[in-house]
Amino acid sequence: MSPFTKPVILDNDVISRLYSAGALRRALEVWPKRSFCITQQVIDETGKWPSKGADLVALLEDLIASENLVSISIDDSSEEEIWTYAELLLQNKLGHGESASIAIASHRGFDIATDDEIARNVCKATCPSVSIFGTGDLLNIAVRDSLMSREEADSIQAKIRRKNKQ
């Protein structure tokens, strides 16, 4: 059973940080299947990462195939979801991935994992009922729930910090 009460949509920054640390697969596989979602817009954004995009998209597709990650899209039949997505894009503060994640979370009752401060602030203002997690939060919850050791989580965090300094 997942410690999360709702599915959590992963934003590109969380995915890229875990991937850069060489820990994306491990960080997602410790959780019960289908705990995390990813929007098609985020997958598209990751594919644009120079030199690493193709490998990352292949890994994401593998995680989707194994149900460690669920691919979701804007619901074309939901005027509210489409409108929220368009409105967020028109504010010109967020990219397609963050906008789609917030629109979906706000209308489907999901939560979000993002480290992007602007996306966090927009999400808080737009849909205060959505819980927001960061990469560190996910790792700490995994440790708390004995899904990962403290040493492993600290090692991943250290790799992320080293990559951010480069």
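The values are calculated or read from the model by the stated rules, or taken from the named source; none is laboratory data. Small disclaimer: the values here were computed from a predicted structure and weren't measured. Cβ sites come from the backbone with ideal geometry, for glycine too, and all protein chains shown count toward neighbours. Accessible surface is based on the protein model in full, side chains and every heavy atom, while ligands, DNA and RNA are left aside. Shrake-Rupley method; radii C 1.70, N 1.55, O 1.52, S 1.80 Å.
Could you grab me the full set of residues in the range 8-20 that are of a type outside the set (S, T, N, Q), in contact (Cβ under 8 Å) with a residue 60 or more places away in the chain and farther than 17 Å from I141 by Cβ?
We begin by selecting, within the range 8-20, every residue of a type outside the set (S, T, N, Q); these are 8-11, 13-15, 17-19.
Checking which are in contact (Cβ under 8 Å) with a residue 60 or more places away in the chain leaves us with 8-11, 13-14, 17-18.
Across the range 8-20, the qualifying residue is only D13.
Which of the helices (runs of 4 or more DSSP H) found entirely inside the range 97-166 contain at least 1 residues meeting this: closer than 17 Å to Y85 by Cα and at pLDDT below 95? If you could, list the steps in order and put the result at the bottom.
On the way: elements: 117-126, 135-144, 150-165.
The qualifying helices (runs of 4 or more DSSP H) are 117-126.
Residue-by-condition table, conditions (1) in contact (Cβ under 8 Å) with a residue 60 or more places away in the chain; (2) out of contact with any Leu (no Cβ under 8 Å at 6 or more places or on another chain):
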{"site": "K6", "(1), (2)": "yes, yes"}
{"site": "G22", "(1), (2)": "yes, yes"}
{"site": "R25", "(1), (2)": "no, no"}
{"site": "C37", "(1), (2)": "yes, no"}
{"site": "T46", "(1), (2)": "no, no"}
{"site": "S51", "(1), (2)": "no, yes"}
{"site": "L63", "(1), (2)": "no, no"}
{"site": "I82", "(1), (2)": "no, yes"}
Qualifying residue in the range 105-124 (condition: of a type in the set (V, I, T), crowded, with 19+ Cβ neighbours inside 10 Å and within 23 Å of E29 (Cβ to Cβ)): yes
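Only one residue in L89, L60, L56, L24 is touching a strand residue (DSSP E or B) at 6+ places or on another chain (Cβ under 9 Å) and of a type in the set (A, V, I, L, M), so which one is that?
L60
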Matching option when the condition is open to solvent by 40 Å² or more (accessible area, probe 1.4 Å) and touching a Phe, Trp or Tyr at 6+ places or on another chain (Cβ under 9 Å), among D44, D76, D55: D55
Whichever residue in the range 75-117 is over 22 Å from T46 (Cβ atoms) and of a type in the set (G, A, S) and, among such residues, is farthest from the chain's Cα centre (by Cα): S77
